[in-house]
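Below you will find the structure I want to go over with you.
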Amino acid sequence: MIKRSDFLIFLTAFVVCLYLAFNLNFPGGKRSFPSEIYTDKAGYYVYLPAVFIYNFNARKFPYRLQQECGSFTLDTVKNKIITKYTYGVALMMAPVFLPAHWMAKILHYEADGFSLYYQKMLMIPAILYLILGLFFLKKFLDHYYRRKVVYLTLMFLFLGTNLYFFSIDEGSLSHIYSFFLFSLFIFLLKRYFERGMHGFGHFIGICIALSLAVLIRPTNILLVLFFFLLDVRSMKDILKRVRHFLHPRFILTFVVILFLCYLPQMIYWKYLTGDFLYYSYKGESFIFWNNPRLIQIWFSPLNGLFLHSPMVFLLIAGMVVLIFRKNPNGFFLLIFFLLISYIFSSWWCWYYGGSFGSRPFVEFYAVLALSLAAFIDYLFQQRNLFIRTSGLTLMVLFSWYNLHLSYHYMPYTGTTWGWEKFLTELEFAGLDTYRKSDNILVWDFDNVIYGSEVPITLSESHSPPFSFQYDRFTGPVVLFYGKMEDLLDHKLTEVKVKAMVKPAFWMKTGMLFVTEIIDAGQKTVFRKDISIDRFMRDPGKFNEMDTVIFIPPDVGSWNAIRFSVQNPLRRKAYIDDVVLEFK
């Protein structure tokens, strides 16, 4: 039974979060971005209109929809709707989508599946699954901690991590749906263990939650480790659970449920490719198994986990508390955190595109919440008032930092270790008063999502993994364009330029590094072309370009400055680690 007080708390949280989601995403009732159904979100969602509105007829979709949404392709020649994402998120959206679509027709709204009405509708399932996820997480944590500790854990987990951003701001991505399934899984799992692993209905629920989570993101299969390792105190306990799971009745049940969850996806793959099994992420894989980007995924300005959500430090502290208390979950949670960090940092795009912090961790907060609760419980057990107050104050500050950065979020366009760019964004968010007496901009071409329109390559690089490949298909590429007065807090007088360049075949590439100063009327008032070939010494290696560009003293700081690389001869070459130091 649900206590009345708990029901009122979660109902209030639902209303408040839904209000926040609508007002942040639709200020004034209108979408401030191109569409809520955009990029990855469109790829997850497209199954719903495809099935219930257009009967998988690509030619019936609204004109130019593919260009406006991205992440799915309408092949009007073969009449195919192409998305690399699985249908799991769409399935979980369906209980809200279907009545909403029915209401759209009754109320004579534009019932095309993509209008503003549907964009607003998508806020509802995201917040619904957020609240349900927090509810089941509470029911799980109730087995371990007092009511006060549990509610504080939920509050700080939500406000202090990027769980907030990926439910309120970007709830149509997959993470909040996986978070709900993770919470449901561990809730049912704990109930199942308490009953001595009796109760087949609970086991079926566990299998459904796990299968749907794996359908949404295959890496979610790691959740199965909790079946074997949660609360275990000996190898005997582990072997008992392994034998239980491998019993024909249970393993067959799991395989059948997993197959049934994947069957519609396999039918879609058959429709799309002619094969029931298909790897839809072509050209994307875990390329860093032997050299994981662990430090980067944790601490880089480019979506680093701890840098954007420092509350995760306290999750780690809670694991240490559990270890010192000789709680069996302490070492398990710590090793589990290191394992998922290793896997996520091995993906080719280890920063996961346009993201606030490292987003693949979001669903895993459900299982890591146990350690945050341990930290909070430790604080309340301290007799020293200063320790208790300091710990809670730190959690409040981490939450304030996370919320402030979320509210002023802008996609990070800098490089892996672009601290100057990150400090500028902190200044924009009101979190830092960074004075740019000097300013350095770096391009290592790792941030391929929000970098310039550069063709990147893995074949050659000065600092792995990527470099900029210039060839006969590449036109002029702008590395930077902005007002000079935004670069420094005083007048710009010179720019020191460094870059690593490697000719592919010829010693002479014909490439130019071009600096232009442009006035308000888009007229070029200053231009400096530097031949990159002047710095070429060895065609088989990366050669360093090192030069200084002096800005005329009579040029006003209100003008814009643009740096670009041009190559009239269109010869193949590689450029990496471009550094612009403004003085």
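The values are calculated or read from the model by the stated rules, or taken from the named source; none is laboratory data. If you're wondering where the values come from, they're calculated on a predicted model, not measured in any experiment. All Cβ positions, even for glycine, are placed from backbone atoms using ideal geometry, and neighbour counts span all protein chains on display.
Any residue at all in the range 487-504 that's assigned to a loop (DSSP other than H, G, I, E, B), among the hydrophobic types (A, V, I, L, M, F, W, C), within 17 Å of F468 (Cα to Cα) and under 36 Å from the mean Cα position of the chain (by Cα)?
Yes.
Another question, then. Would you tally the residues in the range 342-358 being over 10 Å from the mean Cα position of the chain (by Cα) and of a type outside the set (S, T, N, Q)?
Total satisfying the criteria: 6.
Yes or no: the range 203-224 includes at least one residue that is touching a Ser or Thr at 6+ places or on another chain (Cβ under 7 Å) and of a type in the set (K, R).
Yes - at least one qualifying residue is present in the range 203-224.
Taking into account only those residues within the range 364-407 that are aromatic (F, W, Y) and closer than 13 Å to M155 by Cα, which is surrounded by the fewest Cβ atoms within 10 Å (Cβ to Cβ)?
W400
Follow-up. Show me the helices (runs of 4 or more DSSP H) found entirely inside the range 316-433 where at least 3 residues are among the aliphatic types (A, V, I, L, M) and closer than 30 Å to K190 by Cβ.
Correct list: 329-344, 365-380, 385-407.
Do we find that V501 is over 21 Å from T474 (Cα atoms), of a type outside the set (S, T, Y) and crowded, with 17+ Cβ neighbours inside 10 Å in this structure?
no
Can you name the residue in the range 53-79 that is of a type outside the set (A, V, I, L, M, F, W, C) and touching a Leu at 6+ places or on another chain (Cβ under 9 Å) and, of all such residues, is surrounded by the most Cβ atoms within 10 Å (Cβ to Cβ)?
Of everything passing the filter in the range 53-79, Q66 is surrounded by the most Cβ atoms within 10 Å (Cβ to Cβ).
Within the range 506-538, how many residues are over 27 Å from N439 (Cβ atoms) and more than 39 Å from the chain's Cα centre (by Cα)?
Total meeting the criteria: 8.
Then there is this: Inside the range 306-315, can you point out the residues that are part of a loop (DSSP other than H, G, I, E, B) and either buried (at least 23 other Cβ atoms within 10 Å of the Cβ) or in contact with a strand residue (DSSP E or B) (Cβ under 6 Å, 6 or more places away or on another chain) (or both)?
Hit for the range 306-315 is S309, nothing else.
For the range 432-444, state whether one or more residues are more than 20 Å from F466 (Cβ to Cβ), crowded, with 20+ Cβ neighbours inside 10 Å and modelled with pLDDT under 80.
Among the residues of the range 432-444, at least one is more than 20 Å from F466 (Cβ to Cβ), crowded, with 20+ Cβ neighbours inside 10 Å and modelled with pLDDT under 80, which makes the answer yes.
Give the residues of the range 33-68 that are among the small types (G, A, S) and either more than 27 Å from A21 (Cα to Cα) or in contact with a Ser or Thr (Cβ under 9 Å, 6 or more places away or on another chain) (or both), sorted by residue number.
Hits for the range 33-68 are A42, G43, A50, A58.
Ok, one more. Scan the range 291-299 and give yes if some residue there is touching a residue at least 60 places away in the same chain (Cβ under 8 Å) and under 24 Å from V51 (Cβ atoms), otherwise no.
No; the residues of the range 291-299 include none that is touching a residue at least 60 places away in the same chain (Cβ under 8 Å) and under 24 Å from V51 (Cβ atoms).
Test of understanding: among L159, L188, which residue is of a type in the set (A, V, I, L, M), surrounded by fewer than 24 Cβ atoms within 10 Å (Cβ to Cβ) and either closer than 23 Å to T219 by Cβ or at pLDDT 95 or above (or both)?
Checking each option against the conditions leaves just L159.
L181 versus (1) at pLDDT below 95; (2) in a helix (DSSP H, G or I); (3) not hydroxyl-bearing (S, T, Y): which is the lone unmet condition?
Of (1) at pLDDT below 95; (2) in a helix (DSSP H, G or I); (3) not hydroxyl-bearing (S, T, Y), only one is false for L181: (1).
For the range 410-429, how many residues meet the condition of being surrounded by 20 or more Cβ atoms within 10 Å (Cβ to Cβ) and of a type in the set (F, W, Y)?
2
Further question on the same structure: In the list Q66, Q119, which residue meets the criterion of being within 19 Å of S172 (Cβ to Cβ) and within 21 Å of the chain's Cα centre (by Cα)?
On inspection, the qualifying residue turns out to be Q119.
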